[in-house]
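Here is the structure we will look at, set down as structure tokens.
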Amino acid sequence: MDCVQITTAIGSREAAEAMALALVEARLVACAQVVGPVASTYRWQSAVERAEEWLCHLKTTRARRDEAVAAIRARHSYELPEIISVPIEGTPEYVQWIADQVAA
């Protein structure tokens, strides 16, 4: 089973926790961890910006990735949210657990 971790940065702990809960409840992701705050420095519209953000790490299958990304975009307050996915190379039992949790 191909699984991925999707990460997005969100501007408040409350928004990150709400995102995590919504996606787990919708079975788009098996689990979510909210980490933060983190100090972010980035260039936006020709200016260097600094912000306090929370990271939301979401585990799902590659088959459900696009649905999860669409749900993140729909709930995100940023004009251009960071949405990154990377493959998960976990134990067979763990990746099977992810697949079982997001089964439609």
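Take the conditions open to solvent by 70 Å² or more (accessible area, probe 1.4 Å), within 25 Å of Ile88 (Cβ to Cβ) and not polar (S, T, N, Q) and apply them to Arg13. Does it pass? Yes: the conditions hold for Arg13. Cβ-Cβ distances below 6 Å connect the following pairs, each with a first residue in the stretch 82-104 that is in contact (Cβ under 8 Å) with a residue 24 or more places away in the chain, a second residue that is assigned to a loop (DSSP other than H, G, I, E, B) and open to solvent by 70 Å² or more (accessible area, probe 1.4 Å), and a separation of six or more residues or different chains: Val95/Met1; Ala99/Met1; Val102/Arg27.
Using the structure shown, decide if Ala99 is of a type outside the set (Lys, Arg), open to solvent by less than 90 Å² (accessible area, probe 1.4 Å) and modelled with pLDDT under 95.
no
Taken together, the residues in the stretch 35-76 that are hydrophobic (A, V, I, L, M, F, W, C) and surrounded by fewer than 17 Cβ atoms within 10 Å (Cβ to Cβ) amount to 10.
The C-beta contact set for the stretch 23-52 (first residue touching a residue at least 60 places away in the same chain (Cβ under 8 Å), second residue of a type in the set (D, E, K, R), distance under 7 angstrom, 6+ apart or interchain) comprises Leu28/Arg64; Leu28/Glu67; Val29/Lys59; Ala30/Lys59; Cys31/Lys59. Take Val24 and tell me if it is touching a Cys at 6+ places or on another chain (Cβ under 9 Å), within 19 Å of Ala103 (Cα to Cα) and open to solvent by less than 60 Å² (accessible area, probe 1.4 Å). Yes; evaluated as a whole, the condition is true for this residue.
Scanning the stretch 1-19 for residues that are within 19 Å of Ser77 (Cβ to Cβ) and assigned to a loop (DSSP other than H, G, I, E, B) gives Gly11, Ser12.
Of all residue pairs spaced 6 or more apart or on separate chains, those with beta-carbon atoms under 6 Å, a first member in the stretch 1-12 that is on the phi < 0 side of the Ramachandran plot and a second member that is open to solvent by less than 40 Å² (accessible area, probe 1.4 Å) and in a loop (DSSP other than H, G, I, E, B) are Thr8/Pro81.
The values are calculated or read from the model by the stated rules, or taken from the named source; none is laboratory data. As the structure is a computational prediction, the values presented were derived from the model and not from experiment. We place every Cβ from the backbone using ideal geometry, glycine too, and count neighbours over all the protein chains shown. We work out accessible area using only protein heavy atoms, side chains counted, and drop any ligands, DNA or RNA first. Shrake-Rupley method; radii C 1.70, N 1.55, O 1.52, S 1.80 Å.
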